[in-house]
Amino acid sequence: MLTKRIIPCLDIRDRKVTKGVRFQNNVTVGDPVELAVRYCEEGCDELVFYDIGASAEGRPTDLGMVRETAQAVFIPFAVGGGIASVDDMRQVLLAGAEKVSVNTQAVLHPELIAEGAREFGSQCIVLGMDPVRADDRQQFPSGYEVTVRGFRQRTGLDALAWARRAEELGCGEIVVNSVDADGTGAGYEIELTRLIARHTGIPVVASGGAGKPADLAEVFRRADADAAIVAGMLHSGAYTVGAIKRELAEAGIPMRMVW
Amino acid sequence: MIAIVDYGAGNLTSVRLALERIAARVAVTSEPAAILAAERVIFPGVGAIGAAMARLKAAGLDGALRETVARGTPFLGICLGAQIVFEHSEEDGGVAGLGLLPGTVPAFPRGLPGAKIPQIGWNQVTFRLPHPLFEGIASGAEFYFVHGYYPAPADPAHVLAETDYAGRTFASVAGQDNLAVTQFHPERSGRVGLKLLENFARWDGKGGAAC
């Protein structure tokens with residue numbers, strides 16, 4: 001049986017892993033490669049790195065970090081932040097990443113998804129999206145609007161409509177990162193994750209809000225998520241990946257338990 | 001020396017790094033002579049089969065791969081490289097493969113609830129026949145898959161391991177004599193994947209199914 005994936009997320013600024021709430025009040029957590037190795041040894045199924053510094057300052061992605069990670073961990077990992085062209089994607093993939101994640105640049109230039117999928121295959125292209133609750137059901141039938149630039153800018157795009165468009169363009173996976181839930185530790189955004197998982201044919205990764213193993217169990221069970229991103233609950237030292245997986249396996253969720 | 005065949009089908013970085021990690025001597029090459037001279041050959045690949053076959057032929061590599069396998073050189077196909085060794089694939093409207101193993105490469109059925117296509121993630125690999133590549137790995141261990149088509153060997157004796165997805169039980173490892181192929185990515189499968197590559201780096205090409 002295909003297992004549900006647990007994916008630690010490492011937000012990178014100036015070659016350090018940082019953690020904040022809604023991209024604010026960031027504190028340094030550690031070295032990205034060391035943390036990647038640690039989470040791998042604890043049994044994570046995949047990793048994602050967001051170079052939030054590169055994205056905010058318009059710099060290219062830190063390829064040195066990608067190379068070092070690829071020499072140290074032998075599970076799939078995705079890299080996002082600062083990827084604005086097919087050539088940027090190529091650099092990151094050749095440095096050893098399995099996937100690239102696009103967010104703001106894909107909203108600005110949707111053809112980036114199609115070009116990347118054509119060049120490298122859909123399985124390499126992940127769409128990251130940061131939806132926020134929106135009350136105007138006329139304009140946002142899903143009840144959520146897509147934001148970009150680290151939640152700072154609204155786009156006028158309905159979250160489900162954008163997910164379906166990205167699937168049509170050829171992205172292979174969608175990370176639904178709830179602005180409202182991010183960093184709160186109060187649980188994932190179930191409604192929206194379920195809506196996108198049920199109305200697209202590609203894997204959906206839940207992100208934002210995980211505070212305890214039961215939150216992951218809920219998003220796998222109730223929202224049909226294929227994978228879940230965790231950050232704060234690991235970075236804080238409150239849980240290890242292994243401890244989360246054991247609890248989920250006991251709850252009957254298919255987990256990879258030998259690593 | 002292990003030759004990693006470079007024919008423009010996907011990213012070879014992770015395969016090379018994984019082999020370097022287990023201290024194998026590797027060369028990434030698109031030269032038929034270098035492939036024929038290698039002690040072992042890894043044939044990776046990601047992407048669509050039609051374009052990949054066209055590139056293999058244009059580079060004159062199809063003949064070199066056939067000869068390598070015929071000579072008894074230990075040969076490991078991975079992902080698209082696992083599919084190309086069969087006679088025929090359903091992908092891209094139907095494409096003839098290298099024909100090194102009898103069988104076809106059908107598509108997973110679409111639209112089954114809970115079975116998204118392509119399969120992306122970790123799935124269990126259950127060993128059906130003993131094989132040197134499996135030494136030290138538990139049957140049922142999970143490996144990392146990314147694929148929408150799957151190998152279907154014509155001869156059950158060529159099915160080395162099986163995996164269930166989308167209502168199908170398919171050959172996640174197939175092989176005959178010195179030829180072995182994995183639909184999953186050992187280079188992305190953590191410790192068990194590195195172990196399988198380590199076993200390949202030591203394999204003399206014997207002890208496979210249907211010798």
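Brief remarks follow.
- Chain A: relative contact order in percent, alpha carbon pairs under 8 Å with at least 6 residues between: 18
- Exercise: per-residue mean of other protein chain Cβ atoms within 10 Å, B:7-16: 4
- Furthest towards positive pole of dipole, A:VAL132, A:CYS40, A:VAL102, structure part the protein assembly as shown, Cβ charges: A:CYS40
- Using only side-chain charges placed at the Cβ, +1 for Lys and Arg and -1 for Asp and Glu, the dipole size of the range B:1-118 relative to its Cα centre rounds to 260 debye.
- Student exercise, chain A dipole from Lys, Arg, Asp, Glu Cβ charges, in Debye to nearest 20: 280
- Amide hydrogen neighbours beyond the local backbone of A:GLY187, cut-off 5 Å, H modeled: A:ALA210, A:GLY211
- Other residues lying with their Cβ under 11 Å from the Cβ of A:LEU169 contribute a combined charge of -1, Lys and Arg counting +1, Asp and Glu -1.
- Relative contact order for the range A:140-257, counting Cα pairs under 8 Å that sit 6 or more residues apart, in percent: 19
- Residue of B:THR13, B:THR29, B:THR163 that the Gaussian network model of chain B assigns the largest fluctuation, springs spanning Cα pairs under 10 Å: B:THR13
- GNM flexibility winner over chain A from A:PHE220, A:PHE140, A:PHE74 (Cα, springs under 10 Å): A:PHE74
- DSSP-assigned coil residues among trypsin sites (Lys or Arg not before Pro) in the range B:37-113, each with at most 12 further Cβ atoms within 10 Å: B:ARG110
- Other protein chain C-beta atoms within 10 Å of residue C-beta, averaged over A:42-48: 2.
- Using the rule -39500 (n - 2.57) for each DSSP H run of four or more residues, divided by the residues of chain B, the 222 nm mean residue ellipticity is -7000 deg cm²/dmol.
- Amide H to amide H, with H built 1.01 Å from N, B:ALA141 comes under 5 Å of B:VAL125, counting only residues 5 or more places away or on other chains.
- Dividing the convex hull volume of the alpha-carbon atoms in the protein assembly as shown by its residue count gives 128 Å³ per residue.
- Chain A: most fluctuating residue of A:ASP130, A:ASP87, A:ASP45 per GNM, C-alpha cutoff 10 Å: A:ASP87
- Backbone phi angles across the range B:198-207, fed through the Karplus curve with coefficients 6.51, -1.76 and 1.60 (θ = phi - 60°), yield HN-Hα couplings of 4, 4, 5, 5, 9, 6, 8, x, 10, x Hz in residue order; Gly and Pro are listed as x.
- Averaged over B:110-122, number of beta-carbon atoms from partner chains that fall within 10 Å: 5
- Mean residue ellipticity, 222 nm, helices only, chain A: the sum of -39500 (n - 2.57) across DSSP H runs of n ≥ 4, divided by residue count and rounded to 500, is -10000 deg cm²/dmol.
- Relative contact order %, the range B:5-70, counting alpha carbon pairs below 8 Å whose residues are six or more apart: 44
- Residue-count net charge about A:ASP224 - beta-carbon cut-off 13 Å; Lys, Arg +1, Asp, Glu -1: +3
- Sum of side-chain charges, B:LEU101 neighbourhood, beta-carbon under 9 Å (Lys, Arg +1; Asp, Glu -1): -2
- Centroid-to-centroid, using Cα positions, the range A:97-112 and the range A:153-195 are 14 Å apart.
Read the figures in this text as sums done on the coordinates, not as results from a lab. Only a predicted model underlies this, so the values are computations on that prediction, with no experimental measurement involved. Quick reminder, even Gly has a Cβ in these numbers, built from the backbone with ideal geometry, and neighbours come from all protein chains shown.
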